[in-house]
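Notes follow the structure.
The values are calculated or read from the model by the stated rules, or taken from the named source; none is laboratory data. Bear in mind that the values here come from a model prediction, so they are computed numbers and not experimental data. When we count neighbours, we look across all protein chains shown, and the Cβ atoms used for this are built from the backbone with ideal geometry, even at glycine.
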Amino acid sequence: MMDSVPIRARPASIGAGLTLPATLQVRNVVASARVAGALRLHDLAATVPGAEFDPSFPRLILRLSAPKASALIFSSGKVVLTGMRSPETVAPALAAVLDVLRGAGAELDRPVPAPRIVNLVASGTLGEKVALHRLAISRDLDRIEFDPEMFSGLVYRSEAGGVALVFGTGSLVVTGTRSLEGARAVAAEVRAIVTAAGASLK
């Protein structure tokens, strides 16, 4: 089930009645961990059922069903986990990968370091349409990319460190953060700049 992440800032009016919703939905979590000094991918590919391996791109892919996630395993011993819908899924997903690797005879570090979230993607809606042209000309151009002939959304590089994709429909996608708190901070910043620009549309 998709997790909903509360935005703790109190909802406030944006422009002519535009309000940020009470939740963001987590769409994807990406995490990584180094589990070994080196891994023999050819041997693992021959041993692990369902593993996907292409020698032209040296990584092994495992697709987990419980918890649902995908793992990219590299010969350097690095594992990248993706496709998760909650930060709480990261640890059990890595544990499942480690079980598979140990079952295939791989020599792993002891202990294996805890996985680290490297990106979290969340989405929501501002509840009203947004005048992207008005928003674009109201802000520092170093933080905004807007070319409607190339891409229908406005790209805003947040002072909080993440990136927000804002669409004229009022939809919002936040990426480039490493925590739920970071996603909330970016969403709150977007709400503030739309308020300041008076960029909401009825």
**Where Ala160 falls short, out of the listed (1) of a type in the set (A, V, I, L, M, F, W, C); (2) closer than 23 Å to Val29 by Cβ; (3) at pLDDT 95 or above** = (3)
**Prompt:** Quick one: Ala69 ticks every box in (1) assigned to a loop (DSSP other than H, G, I, E, B); (2) modelled with pLDDT of 95 or more; (3) aliphatic (A, V, I, L, M); (4) touching a helix residue (DSSP H, G or I) at 6+ places or on another chain (Cβ under 7 Å) bar one, so which box is it?
**Reply:** (1)
**Item:** Phe146, sole failed condition from (1) surrounded by fewer than 16 Cβ atoms within 10 Å (Cβ to Cβ); (2) of a type in the set (A, V, I, L, M, F, W, C); (3) without any contact (Cβ under 8 Å) to a residue 24 or more places away in the chain
**Value:** (1)
**Request:** May I ask you to list pairs of residues, at least six apart or on different chains, whose Cβ atoms are under 7 Å apart, with the first in segment 163-177 being in the same structural domain as Ala188 (by TED's automatic domain parsing) and in contact (Cβ under 8 Å) with a residue 60 or more places away in the chain and the second being in a strand (DSSP E or B) and basic (Lys, Arg)?
**Result:** Gly170/Lys129
**Asked** Any residue at all in segment 72-80 that is surrounded by fewer than 16 Cβ atoms within 10 Å (Cβ to Cβ) and touching a Leu at 6+ places or on another chain (Cβ under 7 Å)?
**Response** yes
**Message:** Any residue at all in segment 193-200 that's modelled with pLDDT under 95, over 24 Å from the mean Cα position of the chain (by Cα) and of a type in the set (S, T, N, Q)?
**Reply:** yes
**Output for segment 110-129, where each listed residue is crowded, with 20+ Cβ neighbours inside 10 Å and at pLDDT below 95** = Gly124, Leu126
**Prompt:** If a residue has to be surrounded by 19 or more Cβ atoms within 10 Å (Cβ to Cβ) and either in a helix (DSSP H, G or I) or of a type in the set (Phe, Trp, Tyr) (or both) to count, how many in segment 165-186 make the cut?
**Reply:** 6
